[in-house]
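Below: one structure, written as structure tokens.
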């Protein structure tokens, strides 16, 4: 349904900045990534912070433009929607939504919950005030919020409540695809489970697809049909959830999983997040510097994402046997 | 435990001055012994940070103030001490890692100058080696090129880096009691375990203790020795970490444990959750604060405050369900 082909995003270094950072050159946040999400599918995108997960999610929704590559919606290019008339654009935008990472800054602090949730209906439908009211009540109920919160401002809500308002807003006008960017990161255990149940329920009931961005691996395993692992802007592995959690193939995926399973007490983790400076323009696998299995070929040529099993893709020169 | 407790909190009650408003901390009692890491867990807003602030005497007062109870820190009645005396003990006796690490450093000075300033203020004899100590600890906390980082200003550093700098500062003052309020929120898995490992070493074989405040029960149980579960301004259960995960007693702790998503969660089943209180009945009622959300609540729970039942040496629970399991000779209601 939604796919990106060979997209790259380069953020240029701002040379006219008031405080020049001293770092010359630009940052490649996403590097030739191809990924698709099918109808009625939940794909989890995992990886350490700063690896480009959010950027990829935003590119998939056309929120930020890709520097290179194609973004396709049912085979149609993104540009067809953005450059066509307002009606077509709005109709497209209605179906592709995002739940932003930060539940604090993604709500307008001066709008009440009711006003925030009424906005999508006013923008996308021609409903009259009374029907909008009913629809908003329905939404508030669907995400499990108290009916009393509708007159609250975001500042009066807890993190979990705000996150639910965010989700309700994305669900308002029957979307087909939602990018959920770390929707669980700031939540308590019980609220987290509530939100996951909510997302799964909506998926089952309405067939909404998700790109579920997270570094919470147990939650990703619970919710997703397929897992995509990202490392420093590149996809290194995609596989069906069960297969991935039973038998991760890429060395980075293996370390990521081992870390997540490991107990905190002994504190001897092989840490994949040590910043190794990958020279832009240098060839070779980005993970080679930390890979326990790296050989000469890993430092000289970047591995491509190739199909290893019917639904699995792997970018590694020396995949384990 | 044979050694005397570093910190004893007795019946601590904190609230606002308004008549009729509920107390935010409601009769909290706890003891922290040398050599242990105690996890304080509970949902956001349950009063975890407030307890830390009350214990260090850094309560936002007014509007909040201590209404009753005692805090005994290393034998001193902390609440009766003069502010000057408290300041003399802060850093040496008790240090705090603040949850809000963004504002932990002055934006106008380099982080290094601030860290070294604090350490040498508390331990003047260490002035010359403070910088070296900072670098060594920061390396242990998984921070790359610490020397470079120390020369930078707070705004030049990432959230994760700042958080680790704040942790290092508090640890290097070498207090007897370190209170760490959600110290790993901005860290990824690798750095997080580096921090927990450093904390484990901090108390090992020393006359020190750590109170580790977190909303993540899994993480807290993995490296703390003892867990205190807090709900709505009260400590509802205290237990050794492993026991709490295996056999939680209080219905709220049970809810916390069973709602945690794990690698074993059944993908076909909805996750279990603690029912939310949609009636708003919990406020103002005389009994147990959890009663409105509790699946096992009985009539007595709504009418009377539950007793604190001591089940075993290191185990207590504040719940009517366990009222008949009192360990002999430890009656305390």
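In table form, for the structure just shown:
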{"read-out": "Among the residues listed as B:47, B:68, B:75, the single one being surrounded by fewer than 20 Cβ atoms within 10 Å (Cβ to Cβ) and in contact with a strand residue (DSSP E or B) (Cβ under 7 Å, 6 or more places away or on another chain)", "value": "B:68"}
{"read-out": "Residue list for the stretch B:203-217, filter: assigned to a helix (DSSP H, G or I) and either in contact with a helix residue (DSSP H, G or I) (Cβ under 8 Å, 6 or more places away or on another chain) or buried (at least 23 other Cβ atoms within 10 Å of the Cβ) (or both)", "value": "B:217"}
{"read-out": "Which numbered condition residue B:108 misses (of (1) modelled with pLDDT of 90 or more; (2) buried (at least 18 other Cβ atoms within 10 Å of the Cβ))", "value": "(2)"}
{"read-out": "Conditions (1) farther than 17 Å from residue B:163 by Cα; (2) touching a residue at least 24 places away in the same chain (Cβ under 8 Å); (3) under 18 Å from the mean Cα position of the chain (by Cα): number failed by residue B:60", "value": "(2)"}
{"read-out": "Among residues of the stretch A:167-189, those that are at the interface with chain B (Cβ under 8 Å from one of its Cβ atoms) and assigned to a helix (DSSP H, G or I), counted", "value": "1"}
{"read-out": "Count of the stretch A:190-225 residues which are facing chain B (nearest Cβ under 9 Å) and in contact with a strand residue (DSSP E or B) (Cβ under 9 Å, 6 or more places away or on another chain)", "value": "7"}
{"read-out": "Positions within the stretch B:156-166 being farther than 30 Å from residue A:254 by Cβ and more than 9 Å from every other protein chain (Cβ to nearest Cβ), in sequence order", "value": "B:157, B:162, B:165, B:166"}
{"read-out": "Search result, residues across the stretch A:232-247 that are within 14 Å of another protein chain (Cβ to nearest Cβ) and not in a loop (DSSP other than H, G, I, E, B)", "value": "A:240, A:241, A:242, A:243, A:244, A:245, A:246"}
{"read-out": "From the options B:184, B:169, B:200, residue that is within 14 Å of chain A (Cβ to nearest Cβ), in contact with a helix residue (DSSP H, G or I) (Cβ under 7 Å, 6 or more places away or on another chain), outside any strand (DSSP E or B) and crowded, with 23+ Cβ neighbours inside 10 Å", "value": "B:184"}
{"read-out": "Among residues of the stretch B:14-30, those that are crowded, with 17+ Cβ neighbours inside 10 Å and assigned to a strand (DSSP E or B), counted", "value": "8"}
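Residues are listed down the side, and each one gets a yes or a no for (1) surrounded by fewer than 18 Cβ atoms within 10 Å (Cβ to Cβ); (2) more than 13 Å from chain A (Cβ to nearest Cβ); (3) in contact with a helix residue (DSSP H, G or I) (Cβ under 6 Å, 6 or more places away or on another chain):
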| position | (1), (2), (3) |
| --- | --- |
| B:223 | no, no, yes |
| B:227 | no, yes, yes |
| B:231 | no, no, yes |
| B:236 | no, yes, yes |
| B:250 | no, yes, no |
| B:263 | yes, no, yes |
| B:273 | no, no, yes |
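Rundown of residues vs (1) within 12 Å of chain B (Cβ to nearest Cβ); (2) modelled with pLDDT of 90 or more; (3) out of contact with any helix residue (DSSP H, G or I) (no Cβ under 6 Å at 6 or more places or on another chain); (4) in a loop (DSSP other than H, G, I, E, B), yes/no style:
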position	(1), (2), (3), (4)
A:227	no, yes, no, no
A:230	no, yes, no, no
A:249	no, yes, yes, yes
A:257	yes, no, yes, no
A:260	yes, no, no, no
A:268	yes, no, yes, yes
A:276	yes, no, no, yes
A:279	no, no, yes, yes
A:298	no, no, no, no
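The values are calculated or read from the model by the stated rules, or taken from the named source; none is laboratory data. Owing to the predicted nature of the structure, the values given are computational and were not obtained by experimental measurement. Counting neighbours? That spans all protein chains shown, and the Cβs are built from the backbone with ideal geometry, glycine included.
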